[in-house]
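Reviewing the structure listed below.
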Amino acid sequence: MRLDNSVSAIITGGASGLGAACARKFANLGVKVAILDMNENRGAALATEINGIFVQTDVSDAQSVATALASSRKAHGQERICINCAGIATSSKTVDRDGYCHDAAAFTQTIQINLIGTFNVASQSAAGMAAADTLDTDGTRGVIINTASVAAFDGQMGQTAYAASKGGVAAMTLPMARDLSRSGIRVMAIAPGLFQTPMLAGLPLEVQDSLAAQIPFPQRLGDPFEFAALAQHIVENQLLNGEVIRLDGAIRMAPR
């Protein structure tokens, strides 16, 4: 797939962190970018910076996603790249020290945003891609990249909801790729480890250093632009399909 202004991309969670890095990366390559996020101030500012558009979107709401995609397609045409970075990180033990069980509403919200939200966007984007013309001799119509997490494989204490949501993203990668293969749509997932995102950047420096020390090599937090670079490679490498790639410096998370 050519990465220039002949193609467009939608990026959920594109107002900050990994999503913002992807928005900047693809915009710098000439791709027309639409940022779908809840944060209007950050999203609109970044859209102006990269000459893209911003659409306020609640990924957990299928109608909100449909409205956002309609706005994006009106401005940029059918997206050929869909990158799902929207998500929340939660922490709560199954049963805490006082004997209280994990709040069911909090668990449901995490699944609704991280897993069902990813599905809402991926499935609706795929429907649009499937109806579009092919882009090359392989019959490519589009690429979907979802964001899992190393927590999908080695979730820590207190990550029951988060790990379940990201495990679902990882698990649906292959069947979704198989479902969409006849339409020429590839589906991949990236499972990032510890990255310098707003969530981690807000921690004290000594905590950040402690986390980085757990990574075998390189012994530092990941740069969001390294995530974006992998996303670019996935789009450009036609043989990557139906796989979850850990991007983590070989870390395997300890129980706590």
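Among the residues of the stretch 243-256, is any basic (Lys, Arg), surrounded by 15 or more Cβ atoms within 10 Å (Cβ to Cβ), in contact with a Phe, Trp or Tyr (Cβ under 9 Å, 6 or more places away or on another chain) and not in a loop (DSSP other than H, G, I, E, B)?
Step one: list which residues in the stretch 243-256 are basic (Lys, Arg), which gives 246, 252, 256.
This time we only want the ones that are surrounded by 15 or more Cβ atoms within 10 Å (Cβ to Cβ), so: 246.
With in contact with a Phe, Trp or Tyr (Cβ under 9 Å, 6 or more places away or on another chain) added as a condition, the list becomes 246.
Next, from what is left, pick out any that are not in a loop (DSSP other than H, G, I, E, B): 246.
Looking for residues that are basic (Lys, Arg), surrounded by 15 or more Cβ atoms within 10 Å (Cβ to Cβ), in contact with a Phe, Trp or Tyr (Cβ under 9 Å, 6 or more places away or on another chain) and not in a loop (DSSP other than H, G, I, E, B), one finds at least one in the stretch 243-256, hence yes.
Residues in the stretch 160-189 that are among the basic types (Lys, Arg) and closer than 20 Å to ALA130 by Cβ: ARG178, ARG182, ARG186. State all residues of the stretch 79-101 that are closer than 20 Å to ALA164 by Cα, in a loop (DSSP other than H, G, I, E, B) and touching a residue at least 24 places away in the same chain (Cβ under 8 Å); if no residue qualifies, say none. CYS85, ALA86, GLY87, ILE88, ALA89, THR90, SER91, LYS93, THR94 - these are the residues of the stretch 79-101 that are closer than 20 Å to ALA164 by Cα, in a loop (DSSP other than H, G, I, E, B) and touching a residue at least 24 places away in the same chain (Cβ under 8 Å). Taken together, the criteria exclude THR173 from residues that are under 15 Å from ILE81 (Cα atoms) and hydroxyl-bearing (Ser, Thr, Tyr). Where helices (runs of 4 or more DSSP H) sit wholly within the stretch 148-216, those with at least 1 residues that are crowded, with 17+ Cβ neighbours inside 10 Å, more than 21 Å from the chain's Cα centre (by Cα) and of a type in the set (A, V, I, L, M) occupy 205-212.
Scanning the stretch 127-152 for residues that are within 18 Å of SER6 (Cβ to Cβ) and either of a type in the set (Ser, Thr, Tyr) or in contact with a His (Cβ under 8 Å, 6 or more places away or on another chain) (or both) turns up THR134, THR137, THR140. Take the conditions (1) on the phi > 0 side of the Ramachandran plot; (2) without any contact (Cβ under 8 Å) to a residue 12 or more places away in the chain; GLY158 misses just one of them, which is (2).
ARG24 satisfies every condition listed in (1) crowded, with 21+ Cβ neighbours inside 10 Å; (2) more than 20 Å from ALA189 (Cβ to Cβ); (3) touching a helix residue (DSSP H, G or I) at 6+ places or on another chain (Cβ under 8 Å) except (1).
Here, each number is a calculation from the coordinates, and none is a lab measurement. Worth saying up front: this structure is predicted, and the values here are computed from it rather than measured. Positions of Cβ are backbone-derived with ideal geometry, glycine not excepted, and every protein chain shown enters the neighbour counts.
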